[in-house]
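Notes to accompany the following structure.
The values are calculated or read from the model by the stated rules, or taken from the named source; none is laboratory data. Owing to the predicted nature of the structure, the values given are computational and were not obtained by experimental measurement. Ideal geometry is used to build each Cβ from the backbone, glycine not excepted, and the neighbour counts take in all protein chains shown. Protein only, heavy atoms only, side chains kept; ligands, DNA and RNA dropped before computing areas. Shrake-Rupley method; radii C 1.70, N 1.55, O 1.52, S 1.80 Å.
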Amino acid sequence: MTTPSRNVRWFSELGLGDLEQVGGKNASLGEMVSHLTDLGVRVPDGFATTAEAFHRFIGDTGLAERIAGLLDGLDTDDVRRLAEVGREIREAVVGQPFPEDLEAEVRTAYEKLAAESGGEEASFAVRSSATAEDLPDASFAGQQETFLNVRGIDAVLLAIREVFASLYNDRAIAYRVHHGFAHADVGLSAGVQRMVRSDIGSSGVLFTMDTESGFQDAVFITSAYGLGEGVVQGAVNPDEWYVYKPALRAGRPAVLKRGVGDKATKMVYTSDTTVGRTTEFVDVDPADRRLLSLTDEEVQELARHALVIEEHYGRPMDIEWGKDGVDGQLYVLQARPETVESRRTGAQERFRMQGSGPVLVEGRAIGQKIGAGAVRVMTSIEDMHEFQEGEVLVADMTDPDWEPIMKRASAIVTNRGGRTCHAAIIARELGIPAVVGSGSGTRDLADGREVTVSCAEGDTGLVYEGILDFAVERTELAAMPDVPVKIMMNVGTPEQAFSFAQLPHKGVGLARLEFVINRQIGIHPKALLDLEADPESLDPALRARITETIAAYPSPRSFFVQRVAEGISMLAAAFAPEPVIVRMSDFKSNEYANLVGGEAYEPHEENPMLGYRGASRYLSAEFADCFAMECEALRHVRDEMGLTNVWVMIPFVRTLAEARGVIELLGKHGLVRGENGLKVVMMCEVPSNAVIAEQFLEYFDGFSIGSNDMTQLTLGLDRDSALVAEGFDERDPAVLHMLELAITACKKQGKYVGICGQGPSDHPELAEWLLGQGIESMSLNPDTVVDTWLRLAKLS
């Protein structure tokens with residue numbers, strides 16, 4: 001058996017047991033090459049220099065004493081002195097020749113790897129791997145340099161010295177100090193790996209969990225054109241996908257959500273072989289920006305690789321990948337433990353805005369928190385000394401080099417970047433809210449302006465003018481008491497589903513499809529159908545606007561169906577296996593008219609609340625094709641993806657004829673009560689529903705009481721009119737009588753009965769009355785779930 005070299009080790013010789021010799025990154029590459037290749041995970045070959053070689057390079061040349069002297073007593077909060085010391089150390093390391101034996105072994109390994117990789121035309125990535133890097137409780141990721149498209153042995157040798165020197169860049173020095181790592185205890189290994197030609201393909205980062213909420217059953221994937229450093233650095237706003245693990249394991253369609261990033265630039269090769277100048281950013285063709293950079297099949301293949309890796313390591317993983325534009329294959333370039341969400345405890349901390357104001361800037365929300373302070377626009381790392389504790393850091397691209405001031409910021413705003421860029425990862429680790437990819441933060445926010453940065457309102461991060469009030473609520477979720485009723489939630493925002501699902505719950509009692517359509521689509525369904533059937537029938541400006549919006553999807557119809565399916569599946573996956581009751585669209589005509597193109601298709605009604613809505617709309621010939629698309633989306637989620645926890649709910653059913661008609665129509669579209677466990681319930685919100693509840697229940701599997709409309713129609717008042725608003729009260733005896741009729745009928749027939757509305761939260765005595773009536777569930781807005789749960793527990 002060959003004795004392992006002291007200086008150079010091949011990936012195929014390495015595993016996780018070699019972390020002390022080659023660092024976390026290279027040990028992990030070796031682990032995958034050795035154990036996961038036969039399972040279909042492709043990892044480009046390469047070799048690594050050892051930590052022993054690094055320590056001898058530093059120690060035997062006299063560098064170690066010089067470095068120790070410079071770092072002794074260094075105040076890393078003095079950013080100017082930190083920069084001076086770091087620069088002096090790095091210049092010394094790069095200028096120091098390698099010991100002869102180390103250089104000879106690197107040359108020999110390079111010749112072998114180059115011959116196997118295409119000879120002189122081959123290029124390589126030279127990456128750092130610190131021996132304390134990517135431990136479960138540390139995140140050194142991105143602190144050291146990476147050099148791409150390195151060609152020729154001389155360039156590789158120089159890149160390795162540059163990598164060694166980067167152990168002493170400003171952010172790495174500061175990180176070790178702040179996290180208690182002794183400088184001399186951290187060694188460095190350089191990995192030399194065959195390049196994947198993602199410069200003419202695509203690349204990105206994926207996590208085997210949702211990085212914002214900690215939801216474990218989804219793989220989160222980002223992708224952009226060109227080399228992956230563009231995504232990692234935050235220079236590109238990438239495409240995004242969520243993939244549902246249980247569906248993937250079952251061999252079913254598993255894409256929960258697709259998001260098109262602007263992908264304005266991409267990193268590609270240059271013809272310059274000088275280390276540090278081998279790549280550049282170029283603009284992406286505008287037509288390509290509107291498309292997705294991966295197919296669903298490729299996304300699911302990446303997710304399958306991610307599952308293999310996660311199952312092998314036994315923990316959530318952070319993985320970099322690349323698609324080779326020459327051979328079309330997908331490769332794993334790095335894999336390391338996810339280091340932030342995996343440290344979550346059982347306590348739920350929720351930030352909630354209490355004030356409001358003009359929104360100055362929007363972007364991607366990182367961190368689900370809120371911060372406020374005066375703006376400090378930073379255009380250069382040289383100006384870091386000006387930054388004051390508690391300011392809001394605003395920059396074009398917040399590079400991790402800025403970690404010394406990031407930890408002092410109350411919030412961060414960047415023009416560029418996605419949810420997996422280094423800036424986002426560092427912000428999460430520091431527990432600071434960040435709005436990335438805003439596009440205009442440095443232009444629209446001025447130094448000294450007071451702002452509030454909210455990342456607690458969904459996927460979109462908002463920068464409000466002024467210092468606004470917000471609240472922080474902390475709940476020990478493991479200690480929630482038993483309650484005599486199922487507490488469900490009203491959720492219509494798919495982007496918040498994973499977060500809301502971390503609250504105690506028994507499912508979703510009301511998922512409003514019109515919310516999904518409004519947020520995910522925003523276009524009138526008939527305009528989409530007309531665009532597909534006869535594009536010339538639409539106004540040219542409208543046609544152009546819709547065409548640009550749907551560019552990433554195969555057709556106008558598939559855009560609607562897939563986007564609705566995405567919204568429903570996100571909700572269903574987040575709350576599985578608990579039921580998610582999806583109410584079919586209940587837009588009124590004036591609300592439909594507000595969608596893009598909507599005015600051409602909607603009638604003017606004096607009282608839309610009582611007009612063309614609910615079951616009567618579904619049954620009309622004018623809306624038949626639109627309803628068919630909603631049904632197709634639901635059928636895909638339930639029957640193709642396997643999310644059979646989705647129930648269907650029909651709103652505003654006025655008559656028995658409508659009840660019978662809508663059930664028959666659902667059946668024609670493949671949604672048959674009882675088939676594949678499908679339950680169809682009805683919104684009990686019209687007095688006729690309660691008066692002859694037993695007859696309506698012949699067509700449905702239960703009722704969900706809509707207390708708002710039931711109160712309005714029972715008392716004969718317009719709840720939107722300030723003139724009579726004082727009379728609106730769900731506790732009125734007439735309303736309670738209607739509720740009692742509905743609950744009694746459902747209980748008599750052994751069918752589901754719940755209520756979706758804020759009455760039980762607003763009025764404790766109403767909640768107590770409902771418990772006495774034997775209501776099965778109460779569906780509440782998420783911000784009232786914990787308080788109502790605790791209050792109801794006291795009543796039992």
Problem set entry | Per-region count, the range 501-515, residues closer than 23 Å to Glu630 by Cβ and either open to solvent by 20 Å² or more (accessible area, probe 1.4 Å) or polar (S, T, N, Q) (or both) | 2
Exercise. Within the range 730-753, which residues are within 15 Å of Glu698 (Cα to Cα), within 42 Å of the chain's Cα centre (by Cα) and open to solvent by 10 Å² or more (accessible area, probe 1.4 Å)?
Worked result: Lys747, Gly750, Lys751, Tyr752
Seminar exercise, completed: Looking across the range 457-482 at residues that are touching a helix residue (DSSP H, G or I) at 6+ places or on another chain (Cβ under 9 Å) and modelled with pLDDT of 90 or more, the single one that is least open to solvent (accessible area, probe 1.4 Å) is Val463
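Give me a count of the residues in the range 516-535 that are surrounded by fewer than 19 Cβ atoms within 10 Å (Cβ to Cβ) and touching a residue at least 40 places away in the same chain (Cβ under 8 Å).
To start, the set of residues in the range 516-535 that are surrounded by fewer than 19 Cβ atoms within 10 Å (Cβ to Cβ) comprises 518-519, 522, 529, 532-535.
Next, only the ones that are touching a residue at least 40 places away in the same chain (Cβ under 8 Å) stay: 518-519, 522, 529.
The total comes to 4.
Looking at the range 646-690, which of its residues are in a helix (DSSP H, G or I), touching a helix residue (DSSP H, G or I) at 6+ places or on another chain (Cβ under 7 Å) and under 27 Å from Gly759 (Cα atoms)?
Passing the criteria: Ala659, Pro687, Asn689, Ala690.
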Problem set entry | For Val451: the one exception among (1) open to solvent by less than 30 Å² (accessible area, probe 1.4 Å); (2) within 20 Å of Gly259 (Cβ to Cβ) | (2)
For this session: Give the range 367-377 a look and list any residue that's surrounded by 23 or more Cβ atoms within 10 Å (Cβ to Cβ) and modelled with pLDDT under 90, or say none.
Result: Gly367
Exercise. Here are some conditions: (1) modelled with pLDDT of 95 or more; (2) more than 15 Å from Tyr752 (Cα to Cα); (3) open to solvent by less than 30 Å² (accessible area, probe 1.4 Å). Gln712 meets all but one. Which one does it not meet?
Worked result: (1)
Problem set entry | Residue within the range 777-795 that is more than 18 Å from Pro504 (Cα to Cα) and open to solvent by less than 30 Å² (accessible area, probe 1.4 Å) present | no
Exercise. Only one residue in Ser569, Ser616, Ser585 is crowded, with 24+ Cβ neighbours inside 10 Å, part of a helix (DSSP H, G or I) and small (Gly, Ala, Ser), so which one is that?
Worked result: Ser569
For this session: Exactly one condition in (1) at pLDDT 90 or above; (2) on the phi > 0 side of the Ramachandran plot; (3) charged (D, E, K, R) is not met by Glu88; state its number.
Result: (2)
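For the range 151-201: of the residues being of a type in the set (Val, Ile, Thr) and open to solvent by less than 20 Å² (accessible area, probe 1.4 Å), which is nearest to Trp321 (Cα to Cα)?
Among those residues, the one meeting the criterion is Val196.
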Exercise. Val735 versus (1) touching a helix residue (DSSP H, G or I) at 6+ places or on another chain (Cβ under 8 Å); (2) of a type in the set (Val, Ile, Thr); (3) assigned to a helix (DSSP H, G or I); (4) closer than 21 Å to Asn490 by Cα: which is the lone unmet condition?
Worked result: (4)
For this session: Restricting attention to the range 536-550, report how many residues are open to solvent by 60 Å² or more (accessible area, probe 1.4 Å) and in a loop (DSSP other than H, G, I, E, B).
Result: 1
Seminar exercise, completed: For the range 366-391, the count of residues that are part of a strand (DSSP E or B) and touching a Ser or Thr at 6+ places or on another chain (Cβ under 6 Å) equals 5
Seminar exercise, completed: Per the filter on the range 189-231, residues of a type in the set (A, V, I, L, M), over 15 Å from the mean Cα position of the chain (by Cα) and closer than 27 Å to Asn415 by Cα are Ile200, Ala224, Leu227
Exercise. Does Asn689 fit the bill of being open to solvent by 50 Å² or more (accessible area, probe 1.4 Å), more than 31 Å from the chain's Cα centre (by Cα), of a type in the set (S, T, N, Q) and under 26 Å from Lys506 (Cα atoms)?
Worked result: no
For this session: Test Ala64 against the stated conditions and say whether it is of a type in the set (Gly, Ala, Ser), in contact (Cβ under 8 Å) with a residue 24 or more places away in the chain, more than 30 Å from Leu333 (Cβ to Cβ) and open to solvent by 30 Å² or more (accessible area, probe 1.4 Å).
Result: yes
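Per-residue answers, yes or no, for (1) more than 24 Å from Glu320 (Cα to Cα); (2) surrounded by fewer than 19 Cβ atoms within 10 Å (Cβ to Cβ):
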| position | (1), (2) |
| --- | --- |
| Ile381 | yes, yes |
| Thr398 | no, no |
| Gly417 | no, no |
| Ile426 | no, no |
| Leu430 | no, yes |
| Thr442 | yes, no |
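Residue-wise test of (1) open to solvent by less than 10 Å² (accessible area, probe 1.4 Å); (2) over 24 Å from Ala527 (Cβ atoms); (3) at pLDDT 95 or above; (4) of a type in the set (Ser, Thr, Tyr).
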site	(1), (2), (3), (4)
Phe560	yes, no, yes, no
Phe575	yes, yes, yes, no
Asn594	no, no, no, no
Glu605	no, no, no, no
Exercise. Restricting attention to the range 108-122, which residues are open to solvent by 80 Å² or more (accessible area, probe 1.4 Å) and over 17 Å from Val196 (Cα atoms)?
Worked result: Thr108, Glu111, Lys112
For this session: Please find, within the range 42-61, the residue that is surrounded by the fewest Cβ atoms within 10 Å (Cβ to Cβ) out of those that are closer than 20 Å to Trp321 by Cβ and not small (Gly, Ala, Ser).
Result: Asp45
Seminar exercise, completed: Arg408: passes all of (1) within 13 Å of Gly371 (Cα to Cα); (2) crowded, with 22+ Cβ neighbours inside 10 Å but (2)
For this session: Sort through Gln354, Gln348 and tell me the only one that's at negative phi, surrounded by fewer than 20 Cβ atoms within 10 Å (Cβ to Cβ), modelled with pLDDT under 90 and polar (S, T, N, Q).
Result: Gln348
Seminar exercise, completed: Those residues of the range 212-257 that are over 24 Å from Phe500 (Cβ atoms), among the acidic types (Asp, Glu) and not in a strand (DSSP E or B) come to a total of 1
For this session: Tell me, yes or no, whether the range 235-250 has at least one residue that is at pLDDT below 95, out of contact with any His (no Cβ under 6 Å at 6 or more places or on another chain) and either open to solvent by 20 Å² or more (accessible area, probe 1.4 Å) or closer than 21 Å to Phe124 by Cβ (or both).
Result: yes
Exercise. Condition test on Val485, is it open to solvent by less than 20 Å² (accessible area, probe 1.4 Å) and modelled with pLDDT of 95 or more?
Worked result: no
Exercise. Could you say which residue among Leu39, Leu19 is within 30 Å of Glu311 (Cα to Cα), exposed (fewer than 15 other Cβ atoms within 10 Å of the Cβ), of a type in the set (A, V, I, L, M, F, W, C) and touching a residue at least 40 places away in the same chain (Cβ under 8 Å)?
Worked result: Leu39
Exercise. Residues in the range 265-280: is at least one crowded, with 23+ Cβ neighbours inside 10 Å and either over 28 Å from Ala27 (Cα atoms) or within 19 Å of the chain's Cα centre (by Cα) (or both)?
Worked result: yes
